[in-house]
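The values are calculated or read from the model by the stated rules, or taken from the named source; none is laboratory data. For clarity, every value in this text was computed on a predicted model and none was experimentally measured. Here the Cβ is made from the backbone with ideal geometry for all residues, glycine too, and neighbour counts use every protein chain on show.
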Amino acid sequence: MNDKEIILAARGLTKSYGTRQAVKGLDLTIIRGECFGFLGPNGAGKTTTIQMILGLVIKDSGELRVFGLTIPHDLRAIKSRLGVVPQNDNLDPDLTVLENLLTYAGYYNLDSARARSRSLELLKFFALDNRRDEVIQHLSGGQRRRLLLARALVHEPELLILDEPTVGLDPQARYLIWQRLKALRDNGLTMLLTSHYMDEVARLADRVLIMDQGRIVAQGEPGRMVTELVGTDVFEIICDEREAASLSALAASCSARAERVTDGLFIYAGHDCPLLEARVRETARWLRRPANLEDLFIQLTGRLLRDS
Ligand code: ATP
């Protein structure tokens, strides 16, 4: 990592709200050109961390540097180089699609010719060029989200922060956004992505950090972490208690982990075990699939609701 340029570095970052410790000593490094997935269940401390990066929340202790500059001292300079896609739509409803971009470009002092050419280029990139004179109320959820993305990129930021960029969108709209984010990543844009959609993060992120209750529980390259911590294959079997107990014992003898969830049994296997596989095939309802990031997330953070 030494020869690579560090875009963001947090060391021992903490933040409490009253007696509640939201972030408990976070260390985090983002390298130029990577898409960094920032994951955690509700209340893990992700939003608080992002708000500290944006200067909206003041850290209690620790160090936070972006582009080698410090927060809060150099906040203005840092923010001019950041692009932010908020979860909540804060487009200006009184302006058209193009006017939203031009107004935003004005905040970053782009000259009018550059602002216009950049805006038109981004509208094309996000398949919104046929909507440029439309008022915001006439756009679909997916179009609004694409416009938020275009707006965040108008001043050519060096780090794009994406707070759940596809939440609430239909599969087609999500897919289009994934394609565009992938193109941006392949073009070398550095991204910090928070999302509760594990398939989204698995597609886009080069590295992920999983936090829970204010602390890091794991970080690394997603595919490798899944293989190392979960395994390669997952069997999902619908079965009664007796069958679950017998399969769990067999799984243990193959060094595979079994987990009973309501009327199902999950078996996470790191290598082939013909005996176990033959036994699973005898059950009435089962499937075998590759282990994924969601399995890892659940293994590390549990299945219990966090907002209850
Ligand atoms: P989510 O996925 O639900 O957005 P998160 O990982 O972003 O969760 P945070 O919003 O950072 O988590 O919350 C971390 C903890 O801090 C939670 O326990 C939350 O209730 C608490 N918290 C967040 N903001 C405030 C606030 N302004 N005042 C008091 N407590 C807060």
In the range 32-45, is there at least one residue being farther than 21 Å from Ala152 by Cα, touching a Pro at 6+ places or on another chain (Cβ under 8 Å) and surrounded by fewer than 16 Cβ atoms within 10 Å (Cβ to Cβ)? no
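Tell me which residues, restricted to the range 130-182, are among the basic types (Lys, Arg), crowded, with 22+ Cβ neighbours inside 10 Å and under 18 Å from the mean Cα position of the chain (by Cα).
Within the range 130-182, Arg145, Arg146 meet the criteria.
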Out of (1) in contact (Cβ under 8 Å) with a residue 12 or more places away in the chain; (2) within 35 Å of the chain's Cα centre (by Cα), the one Ala252 does not meet is (1)
For the range 68-89, enumerate the residues that are out of contact with any helix residue (DSSP H, G or I) (no Cβ under 6 Å at 6 or more places or on another chain) and in contact (Cβ under 8 Å) with a residue 24 or more places away in the chain. Gly68, Lys79, Ser80, Arg81, Leu82, Pro86, Gln87
Go through (1) at pLDDT below 95; (2) under 17 Å from Leu229 (Cβ atoms) one by one and return the number of the condition Ala284 breaks. (2)
Here is a check on your reading of the model: is Leu304 free of Cβ contacts under 8 Å to residues at least 40 places away in the same chain and either surrounded by 16 or more Cβ atoms within 10 Å (Cβ to Cβ) or within 16 Å of the ligand (Cβ to nearest atom) (or both)? yes
Which of the helices (runs of 4 or more DSSP H) contained wholly in the range 170-274 include at least 3 residues that are within 16 Å of the ligand (Cβ to nearest atom) and of a type outside the set (Phe, Trp, Tyr)? 198-204
Pairs returned, first residue in the range 43-58 that is at positive phi, second residue that is near the ligand (Cβ under 6 Å from one of its atoms) and not in a helix (DSSP H, G or I), beta-carbon separation under 7 angstrom, 6 or more apart or interchain, are Gly45/Ala22
